[in-house]
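Trainee: One structure coming up, written as structure tokens, with questions to follow.
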Amino acid sequence: MENKLSYCNFDCRKCSVYIATISEDIEGKKKVAIKYNIDLSEVNCLGCKSDKINNMCRNCDIRKEKQNGTNN
């Protein structure tokens, strides 16, 4: 099984955005968009360490620090 731990050790496989993306579940994506008050197009993520992440994760300070090699 592929490791999908984010930089903060959250298991991306438990994330509703990730689940809706990999399952290509349009209704699931709509529910997530409503829940987080985001545009449907933002419900698109393949995990924190991938090139395809949503804005919530893209703006995460932990992710930014790890990618830049800093651990403040």
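Trainee: Order of 58-64, 42-48 by packing, highest average Cβ count within 10 Å first?
Mentor: 42-48, 58-64
Trainee: Continuing with the same structure: What ³J(HN,Hα) values, in whole Hz, does the Karplus curve 6.51 cos²θ - 1.76 cosθ + 1.60 give for the stretch 52-69 when θ = phi - 60°, with x put for Gly and Pro?
Mentor: 10, 10, 7, 5, 4, 7, 4, 8, 6, 5, 4, 4, 4, 5, 5, 5, 8, x
Trainee: Given a 1.4 angstrom probe, what's the average accessible area per residue across the chain, in square angstrom?
Mentor: Ligands and nucleic acids excluded, the figure is 72 Å² per residue.
Trainee: I need the calculated FRET efficiency for the pair residue 41 and residue 8, taking r as the beta carbon distance and R₀ as 25 Å, to the nearest 0.05.
Mentor: Approximately 0.55, to the nearest 0.05.
Trainee: Compute the FRET efficiency between residue 34 and residue 55 as 1/(1 + (r/R0)^6), taking r as their Cβ-Cβ distance and R0 = 22 Å, and round to the nearest 0.05.
Mentor: Result of the calculation: an efficiency of 0.85.
Trainee: Additional query: Treating the beta-carbon of each Lys and Arg as +1 and of each Asp and Glu as -1, no other charges, what is the dipole magnitude of the chain about its Cα centre, to the nearest 20 debye?
Mentor: That gives the chain a dipole magnitude of about 120 debye.
Trainee: Tally up the carbon and sulfur contribution to the accessible surface of the chain as a whole percent, 1.4 Å probe, everything protein left in place.
Mentor: Reported share for carbon and sulfur atoms: 48 percent.
Trainee: When N is the residue count of the chain, what does its C-alpha Rg come to as a fraction of 2.2 N^0.38 Å?
Mentor: With N residues counted in the chain, Rg over 2.2 N^0.38 Å equals 1.11.
Trainee: Could I ask something else about it? What length, rounded to one decimal in nm, is gained on full extension from residue 65 through to residue 19, with 0.36 nm per residue of separation minus their alpha-carbon distance?
Mentor: Taking 0.36 nm per residue and subtracting the Cα distance, the gain is 14.0 nm.
Trainee: List the lysines whose Cα lies under 19 Å from the Cα of residue 66, skipping any in the same chain that are fewer than 8 positions away.
Mentor: 4, 49, 52
The values are calculated or read from the model by the stated rules, or taken from the named source; none is laboratory data. The shown structure was predicted, so the numbers you read here are calculated from the model rather than taken from an experiment. Using ideal geometry, Cβ is built from the backbone for each residue, glycine included, and neighbour counts are taken over all protein chains shown. Remember, those area values only see protein heavy atoms, side chains included, never the ligands or the DNA or RNA. Shrake-Rupley method; radii C 1.70, N 1.55, O 1.52, S 1.80 Å.
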